Amino acid sequence: MSTKSLLAQKHNLSTPENQIKFLESSALTLFSDKLKQQSLFPLTTNKLEIFQINVGKLCNQVCKHCHVDAGPDRKEIMTRDTMQLCLDTIVKSGAHTVDLTGGAPEMNPNFRWFVEELTKLNRNIIVRCNLTIIVANKKYYDLPTFFKKHKIEVVSSLPYFTASKTDSQRGDGVFEKSIQALKMLNGVGYGLEGTDLKLNLVYNPSGAFLPADQMALETEFKEKLKSLYDIRFNSLYAITNLPISRFLEYLVRSENYDDYMEKLVNAYNPIAAENVMCRNTLSVSWDGFIYDCDFNQMLDLKIDTENKFQHLSNFDIDSINKRNIKVNQHCYGCTAGAGSSCGGSVI
Amino acid sequence: MKTYYNPEDLKKFGNISEFEPTLGKKFFDYYGEVFKEGALTAREKSLIALAVSHAVQCPYCIDAYTLDTMEKGCDEKQLMEAVHVAAAIKSGAVLVHGVQMMNKYKELSM
């Protein structure tokens with residue numbers, strides 16, 4: 001398993017331009033044409049609810065499917081000044097939820113300051129924690145207590161309840177460390193009945209296939225994690241891997257790309273398309289630009305209104321709410337089957 | 001290279017209705033009904049299908065139901081246990097005929 005990002009490897013698919021060129025080169029039906037068939041193009045917004053912030057690409061893991069191409073060699077990181085702009089913008093946006101992601105967001109040196117300031121805004125705060133960061137270094141051991149203090153909703157990836165499938169996607173030893181971290185979170189009350197400390201898990205398929213039914217997976221994960229490790233959690237989100245960045249590279253390298261894309265297109269679900277997350281979400285990059293979602297962020301598809309890229313420094317909520325959402329072939333990942341979003345299935 | 005089995009043909013399975021639409025439609029309607037959630041879950045049915053695929057040694061079915069069981073959340077151990085069920089029944093079916101052989105042997109022996 002490579003321990004370097006695609007960027008550090010100087011891989012052809014590390015640039016957004018090359019990824020888009022590759023995605024557009026196949027003869028598949030255009031995603032925009034699929035939307036047109038149900039009069040959903042151009043895709044417009046609903047009420048803004050979630051303000052997702054990617055605080056940097058630095059991570060302690062190098063997962064094979066990572067759409068961010070995150071890892072220890074990525075240096076892009078949000079500064080405190082940009083975080084301050086986020087705080088000002090969240091108030092203007094009216095969003096009720098702030099969703100912090102990365103990389104490993106906890107590795108941003110201003111992470112704790114940012115969470116403390118966010119708490120003052122009285123919003124629901126989500127942290128996408130990769131679990132292993134909690135046990136990576138003693139300076140992170142108190143993260144469960146820190147999360148609890150600020151009533152953070154913790155969302156964590158665990159592709160399976162066995163080591164082989166988890167480690168094949170996320171790296172050797174990740175499963176064991178994840179179990180250790182989950183026990184620490186349970187230990188302070190996360191995921192337990194009678195507490196309001198939410199611990200939600202994310203299931204991503206460990207390969208070129210679509211996720212199983214979310215409810216069935218949740219039931220099985222709950223039974224297995226309880227019986228094997230005495231671990232509890234609240235909900236499980238089944239998320240489809242989108243064909244961008246490292247997962248795209250995997251699909252191409254393993255010669256699964258054509259079949260996977262065909263599968264996504266054939267599984268297009270009009271109801272899922274109506275409920276895609278970009279309609280109620282904004283995504284902010286480490287350097288303060290605004291996107292429709294974290295995937296568009298990684299493909300550098302910035303929101304532009306009136307011929308100007310939207311940035312925290314010129315945030316205009318009215319024109320953002322009236323914008324047309326940028327779509328491309330990767331969007332099929334959010335509309336296949338029961339649909340997919342950062343909160344799991346959409347139907 | 002010409003072979004009897006072409007993986008691309010699996011995608012054309014639906015085309016069998018071309019030469020006999022009425023029976024083709026009946027078959028696919030039936031097939032769809034069989035694999036719906038019922039007294040058995042769709043996942044249990046998929047694992048049975050995987051085992052049968054091996055018993056009938058159909059490469060199309062093995063490809064299709066390996067993917068299908070993975071998409072229903074099964075892991076490699078569960079898939080292989082299903083294959084062993086098929087293998088056990090196949091080998092058991094051979095061995096149980098040993099009783100017939102023994103009966104005949106005894107019948108023919110003094």
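The values are calculated or read from the model by the stated rules, or taken from the named source; none is laboratory data. This is a predicted model, so every value here is computed, not measured. We place every Cβ from the backbone using ideal geometry, glycine too, and count neighbours over all the protein chains shown.
For the list (1) of a type in the set (Phe, Trp, Tyr); (2) touching a His at 6+ places or on another chain (Cβ under 7 Å); (3) within 19 Å of A:Gly344 (Cα to Cα), I need the number of the one condition that A:Phe289 fails.
Unmet condition: (3).
Filter region B:39-64 down to the residues that are in a helix (DSSP H, G or I), free of Cβ contacts under 8 Å to residues at least 24 places away in the same chain and within 12 Å of another protein chain (Cβ to nearest Cβ) and list them by number.
B:Glu44
Quick one: would you say A:Ile244 is in contact (Cβ under 8 Å) with a residue 24 or more places away in the chain, over 20 Å from A:Gly337 (Cα atoms) and surrounded by 21 or more Cβ atoms within 10 Å (Cβ to Cβ)?
No: the conditions fail for A:Ile244.
Counting only residues that are within 14 Å of chain B (Cβ to nearest Cβ), give me the helices (runs of 4 or more DSSP H) lying completely in region A:103-170 with at least 2 of them.
Those helices (runs of 4 or more DSSP H) span A:163-170.
If only one of A:Glu249, A:Glu223, A:Glu262 is assigned to a helix (DSSP H, G or I), more than 11 Å from chain B (Cβ to nearest Cβ) and closer than 30 Å to A:Phe41 by Cα, which one is it?
Step by step, each of A:Glu249, A:Glu223, A:Glu262 is checked, and only A:Glu249 is assigned to a helix (DSSP H, G or I), more than 11 Å from chain B (Cβ to nearest Cβ) and closer than 30 Å to A:Phe41 by Cα.
With the structure loaded, tell me whether A:Leu58 is under 30 Å from A:Asn124 (Cα atoms) and over 21 Å from the mean Cα position of the chain (by Cα) or whether it fails that test.
no
Scan region B:1-15 residue by residue and report those that are outside any helix (DSSP H, G or I) and free of Cβ contacts under 8 Å to residues at least 12 places away in the same chain.
Matches in region B:1-15: B:Met1, B:Lys2, B:Thr3, B:Tyr4, B:Asn6.
Within region A:274-300, work out how many residues are in a loop (DSSP other than H, G, I, E, B) and in contact (Cβ under 8 Å) with a residue 40 or more places away in the chain.
Summing the residues that are in a loop (DSSP other than H, G, I, E, B) and in contact (Cβ under 8 Å) with a residue 40 or more places away in the chain in region A:274-300 gives 10.
Among B:Ser109, B:Ser46, B:Ser53, B:Ser91, which is the only one that is surrounded by 14 or more Cβ atoms within 10 Å (Cβ to Cβ) and either over 13 Å from the mean Cα position of the chain (by Cα) or closer than 22 Å to A:Leu264 by Cα (or both)?
Only one candidate passes the filter, namely B:Ser46.
Does A:Phe111 satisfy the condition of being touching a helix residue (DSSP H, G or I) at 6+ places or on another chain (Cβ under 7 Å), touching a residue at least 12 places away in the same chain (Cβ under 8 Å) and closer than 22 Å to A:Gly344 by Cβ?
no
Just a yes or no: is a residue in region A:200-214 within 14 Å of chain B (Cβ to nearest Cβ), closer than 19 Å to A:Ala336 by Cβ, in contact with a strand residue (DSSP E or B) (Cβ under 7 Å, 6 or more places away or on another chain) and assigned to a helix (DSSP H, G or I)?
Taking every residue of region A:200-214 in turn, at least one turns out to be within 14 Å of chain B (Cβ to nearest Cβ), closer than 19 Å to A:Ala336 by Cβ, in contact with a strand residue (DSSP E or B) (Cβ under 7 Å, 6 or more places away or on another chain) and assigned to a helix (DSSP H, G or I).
Using beta carbons and a limit of 8 Å, which pairs, at least six apart or on different chains, have the first residue in region A:1-20 and farther than 17 Å from A:Cys63 by Cα and the second one among the β-branched types (Val, Ile, Thr) and modelled with pLDDT under 95?
Correct list of pairs: empty, since none qualify.
Name the residues in region A:226-245 that are within 12 Å of chain B (Cβ to nearest Cβ) and more than 18 Å from A:Ile347 (Cβ to Cβ), would you?
Those that are within 12 Å of chain B (Cβ to nearest Cβ) and more than 18 Å from A:Ile347 (Cβ to Cβ): none in region A:226-245.
Just to be sure before I move on: is A:Tyr257 buried (at least 19 other Cβ atoms within 10 Å of the Cβ) and either within 11 Å of chain B (Cβ to nearest Cβ) or farther than 16 Å from A:Cys331 by Cα (or both) in the structure I sent?
For A:Tyr257, the condition - buried (at least 19 other Cβ atoms within 10 Å of the Cβ) and either within 11 Å of chain B (Cβ to nearest Cβ) or farther than 16 Å from A:Cys331 by Cα (or both) - is not met.
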